[in-house]
Amino acid sequence: MEFQPLNFELDNFGDIIAKDGRYNARAYTLLCDTIGVLSEKHKGGHFNSFDLMEEFKENTLDHFGPMAFTVLREWGVNNTRDIGNMMFNLVDSGRISKDDDNTIEDFETGYDFTEAFLSPYET
């Protein structure tokens, strides 16, 4: 997957949400922020779905801490497949590009959201 710098902070993702209203615009902003961070780490090069899912988890926990799970649920993001759906919505909208070998199935074998976003805060 490749990130092409755009100003996503000003993007309301209205065209995407009109076609697929499952996810809140703020979820796309968080994902785009994650893609930007990952792109910098890879010096603008390609990265795989595993890298994206892991960076999304870290970025979400950094931003929202113990509220991460709740925030993601409110935004319609309930599992790693949802991250993949949003990624492919961004691809379909022309905001980012992907390699031919990237598939939505790559996002089906990610992590459990309860474990990823709640377990770090259980005492």
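Between the range 59-123 and the range 23-49, the C-alpha centres lie 11 angstrom from each other.
What number comes out for accessible area per residue over the chain if the probe is 1.4 Å? Units Å², please. Don't skip to the answer; put the middle values down first.
On the way: 6570 Å² over 123 residues.
Per residue, the chain has 53 Å² of solvent-accessible surface.
Here the chain exposes an accessible surface that is 48 percent carbon and sulfur, computed with a 1.4 Å probe and the other protein chains kept in place. Per-residue ellipticity at 222 nm computed for the chain from its helices equals -15500 deg cm²/dmol, with DSSP H segments shorter than 4 residues left out and the rest contributing -39,500 (n - 2.57). Positive-end ranking of M86, G76, H63 along the dipole of the range 27-108, with charges on Cβ about the Cα centre, is headed by H63. Within the listed set E108, E54, E40, the residue fluctuating most in the Gaussian network model of the chain (springs between alpha-carbon atoms under 10 angstrom) is E40.
Using only Cα atoms, what Kirkwood radius does the chain have, in angstroms? It would help to have the intermediate numbers written out before the result.
On the way: mean 1/r = 0.0688 Å⁻¹.
One decimal place: 14.5 Å for the Kirkwood radius.
The values are calculated or read from the model by the stated rules, or taken from the named source; none is laboratory data. Treat the numbers as computed from the prediction; the structure is a model and nothing was measured. Cβ: placed from backbone, ideal geometry, glycine included. Neighbour counts: every protein chain shown. We work out accessible area using only protein heavy atoms, side chains counted, and drop any ligands, DNA or RNA first. Shrake-Rupley method; radii C 1.70, N 1.55, O 1.52, S 1.80 Å.
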